[in-house]
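Quick notes on the structure that follows.
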Amino acid sequence: MRRLPLLAGLVVCLAGFAASPAVFAQRVEVKLGTLAPEGSPWHDILLQMKEDWSRLSDGKVVLRIYPSGVLGGETDLIRKMRIGQIQAVAISGPALQRLDQSVACLQIPLLVKSYEEFDYIRERIAPRLERMLGQGGFRVLSWGDAGWVHFFTKKPASTLQEIRNMKLLTAAGDPVVEKLYEDFGFRVVPLPYTEVLTALQTGLIEAVQGPPLYALLEQWFGLAGNMIDIRWTPLVAATVIREDSWQRIRPEWRDGMLAAAHAAGERMRREIRQLGDDAVPEMRKRGLNVITVDAATLANWQAEAERAYPKLRGEYAPAELFDEVLRLRDEFRRHDTGAGSAVGEAIGPQDPE
């Protein structure tokens, strides 16, 4: 009978140990995939977030970053995150749309003309997008962007029709975006962005769209040496984690880690935008031909884009969100007379509008 108190005491001790904080301090590994080139500003900022997470969790949360598309293109990254092979991604807007099509409302061609407009819209629409992504089991850690999307071409071009006559790369595995560009009359060639250089070399594509900084880092401009100075759309980006993986992290660490992720997003927007501005003069020094369009050509681009909006509304971006983004843009413009132009900003201060 004397054993019963001993056994009871042992059970109490074990129960107390099980409830102690030490049990919840298990190591959590988060594998994050991205196309951001190793050593690029995007990669450096993710590395800083990795250090912050390790510090805030006493080394118990380990963020492993797989850069440069080593795990595949963004379609592959989305698939691997969905099945749990990786837990997080840092990806661009077209890939985010594969998690929830609502994100497409931030990627309407020629809808906004300045970063100020874009930030005004995103800050107000982001909570709704995050709720929608959350319903699918994903948590947005931070929003970022990769700069203004421009068209880079092998042959000089300035009009939409000239681009339509070329074979244009679109992201593989995204039939919605592919259809969007087909609706614009483009001859699309769906490929992973990791294959841009090979596709340009072999003639599989003749044009590619993307931000100048990425074109510089990945050396597209050496083969597609002409850039049309029209800001097609800002390329939204985000760092996203599976909600079930996030919930494995001790609650007392999460607020600090989320704040570190938000800080990384803010730093990314600030630095990437400046580096994007700097990238164009740098490529010019190496032979990039920047094609500046006249007012009539720009007006034609704008008119063509706006003619497509009724079809994009509801089919590409949810109608309610499309309308809200348009309302927010107009609201911003009513209170700001310096909304900018779709031409010229990426060239930097040495080339005034």
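The values are calculated or read from the model by the stated rules, or taken from the named source; none is laboratory data. Note that the structure is predicted; figures quoted are calculated from it, not measured. All Cβ positions, glycine included, derive from the backbone under ideal geometry; neighbour counts span all protein chains shown.
Structural remarks
- Among the residues of the range 172-181, those that are of a type in the set (A, V, I, L, M) and out of contact with any Ser or Thr (no Cβ under 7 Å at 6 or more places or on another chain) comprise VAL176, LEU180.
- Candidate set: the range 224-249, residues that are part of a loop (DSSP other than H, G, I, E, B), buried (at least 17 other Cβ atoms within 10 Å of the Cβ) and among the charged types (D, E, K, R); chosen: the one nearest to the chain's Cα centre (by Cα): ARG231
- Hey, GLY173 in a loop (DSSP other than H, G, I, E, B), closer than 25 Å to GLY33 by Cα and small (Gly, Ala, Ser) or not: yes
- Just one of the numbered conditions (1) out of contact with any Phe, Trp or Tyr (no Cβ under 6 Å at 6 or more places or on another chain); (2) modelled with pLDDT of 95 or more; (3) of a type in the set (A, V, I, L, M); (4) within 27 Å of ARG98 (Cβ to Cβ) is not true of MET268: (2).
- Residue within the range 150-165 that is farther than 18 Å from ASN300 by Cβ and in a helix (DSSP H, G or I) present: no
- Of the criteria (1) modelled with pLDDT under 95; (2) out of contact with any Ser or Thr (no Cβ under 8 Å at 6 or more places or on another chain), which one GLN107 fails: (2)
- Filter result for SER142 (under 25 Å from ASP277 (Cβ atoms), crowded, with 20+ Cβ neighbours inside 10 Å, hydroxyl-bearing (Ser, Thr, Tyr) and in contact (Cβ under 8 Å) with a residue 60 or more places away in the chain): yes
- Scan the range 321-338 for residues that are touching a helix residue (DSSP H, G or I) at 6+ places or on another chain (Cβ under 9 Å) and at pLDDT 95 or above and the total you get is 11.
- Residue that is surrounded by the fewest Cβ atoms within 10 Å (Cβ to Cβ) [pool: residues in the range 43-76 that are in contact (Cβ under 8 Å) with a residue 40 or more places away in the chain and in contact with a Phe, Trp or Tyr (Cβ under 9 Å, 6 or more places away or on another chain)]: LYS60
- Residue within the range 226-248 that is at pLDDT 90 or above, in contact with a helix residue (DSSP H, G or I) (Cβ under 7 Å, 6 or more places away or on another chain) and more than 29 Å from GLU266 (Cα to Cα) present: no
- Residue within the range 80-93 that is surrounded by 22 or more Cβ atoms within 10 Å (Cβ to Cβ), in a helix (DSSP H, G or I) and at pLDDT 95 or above present: yes
- Residue ID - surrounded by the fewest Cβ atoms within 10 Å (Cβ to Cβ), chosen from residues in the range 208-223 that are touching a helix residue (DSSP H, G or I) at 6+ places or on another chain (Cβ under 6 Å) and aliphatic (A, V, I, L, M): LEU223
- Any chance VAL176 is within 25 Å of LYS285 (Cβ to Cβ) and touching a residue at least 12 places away in the same chain (Cβ under 8 Å): no
- Condition check for THR75: at pLDDT below 90, within 22 Å of SER245 (Cα to Cα) and touching a helix residue (DSSP H, G or I) at 6+ places or on another chain (Cβ under 8 Å): yes
- Test result for PRO127, at pLDDT below 95 and either assigned to a helix (DSSP H, G or I) or not polar (S, T, N, Q) (or both): no
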